[in-house]
1. Go through segment 72-98 residue by residue and tally those that are surrounded by fewer than 22 Cβ atoms within 10 Å (Cβ to Cβ) and in a helix (DSSP H, G or I).
2. Among the candidates 51, 110, 55, which residue alone is crowded, with 16+ Cβ neighbours inside 10 Å, free of Cβ contacts under 8 Å to residues at least 60 places away in the same chain and in a loop (DSSP other than H, G, I, E, B)?
3. Taking segment 1-38, which residues are assigned to a loop (DSSP other than H, G, I, E, B) and among the charged types (D, E, K, R)?
4. Regarding segment 159-173, can at least one residue be identified that is aliphatic (A, V, I, L, M), within 16 Å of the ligand (Cβ to nearest atom) and modelled with pLDDT of 85 or more?
5. Farther than 15 Å from residue 49 by Cα and among the charged types (D, E, K, R): which single residue out of 98, 149 fits that description?
6. Please work out which residue is nearest to residue 185 (Cα to Cα), limiting yourself to segment 216-226 and to residues that are touching a residue at least 12 places away in the same chain (Cβ under 8 Å) and either surrounded by fewer than 16 Cβ atoms within 10 Å (Cβ to Cβ) or within 14 Å of the ligand (Cβ to nearest atom) (or both).
7. Checking the condition farther than 24 Å from residue 114 by Cα and either touching a residue at least 24 places away in the same chain (Cβ under 8 Å) or of a type in the set (Gly, Ala, Ser) (or both), which residue from 3, 34, 7 passes?
8. I need a count of the residues in segment 225-264 that are modelled with pLDDT of 90 or more, polar (S, T, N, Q) and not in a helix (DSSP H, G or I).
Amino acid sequence: MVRELPRMVRYLKERGTYVLFNTNGTLLNRRKGRQLIDAGLDELRVSLDAAEAPAFKMVRGLDLFDRIVANLRSFVVMQRELKVTAPRVSLWLTGLKETMEQLPAFVRLAYELGVSEVYLQRLVFFPGGIGLARRQSALFDQLEARDEELLREAQSLSASLGVTFNASGAADPSTSVTKKGSRNPWSLCRRPWTLMYFTANGRALPCCIAPFSMRGYDSFTLGDATQQTLREIWNGSRYEEFRRALLSDRPHPACSNCGVRWSL
Ligand code: SF4
């Protein structure tokens, strides 16, 4: 964990920002957890990806499942002791053919840990594939009867246990892995109208996805926060042009796989 993270969270909170981040949970010990609570963190998303150690090792290649679960358990207990509800903790499972059987147990694990939100994350993959990040492991547009059954089981279990079960992008899990008929799937993206993303050196990007979509940042760098105000960037010609392209048949190349190889 970045040593200055609690101070960074505090800095943002003092400026009225909603602060969240994703973690793999391996370093979430009691001391660091307490620092994050005291700093005022709003939301903590834990990528766990499995409901048991062997499946975790298959996905992540490391034997860290028990440690992460112990960290989470102790963090939630500490929140109860302190009588605080922030940060909101959620568990995330990247949807893979190989781990779908884990899904109902994943919901149950969240319940047992006292975590009230579970998310199914759509797999991002590339044409050549990297490890399990490959087309044949993705659920998107490849749901089989057994996968659908497991999704239904997880949904009904979550409803009965009072655990919220969603997918990223405010979609429900089934919708997020079902192909929509749209000719221009990227056109559903609202990020360039709703948020800005900055790199550590001040580049303004339309989202966090574009850098994974193609090499080189220059073509989708929409401003420079070390030289311009946020208002100038937001209303600038590069942002305007990027938005116009996204609504057309010829979006920026970084956008053309959105809604196809990953969700929006
Ligand atoms: S790369 Fe994807 S997420 Fe980013 S602005 Fe384009 S369509 Fe939206």
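The values are calculated or read from the model by the stated rules, or taken from the named source; none is laboratory data. All figures in this text were calculated on a predicted structure; none of them were measured in a lab. Quick reminder, even Gly has a Cβ in these numbers, built from the backbone with ideal geometry, and neighbours come from all protein chains shown.
1. 11
2. 51 is the lone residue from the list that is crowded, with 16+ Cβ neighbours inside 10 Å, free of Cβ contacts under 8 Å to residues at least 60 places away in the same chain and in a loop (DSSP other than H, G, I, E, B).
3. 3, 4, 15, listed by residue number.
4. The answer is no, given that none of the residues of segment 159-173 is aliphatic (A, V, I, L, M), within 16 Å of the ligand (Cβ to nearest atom) and modelled with pLDDT of 85 or more.
5. Checking each option against the conditions leaves just 149.
6. Looking at the filtered set, the residue picked out is 220.
7. Result of the check over 3, 34, 7: 7.
8. Of the residues in that region, 6 qualify.
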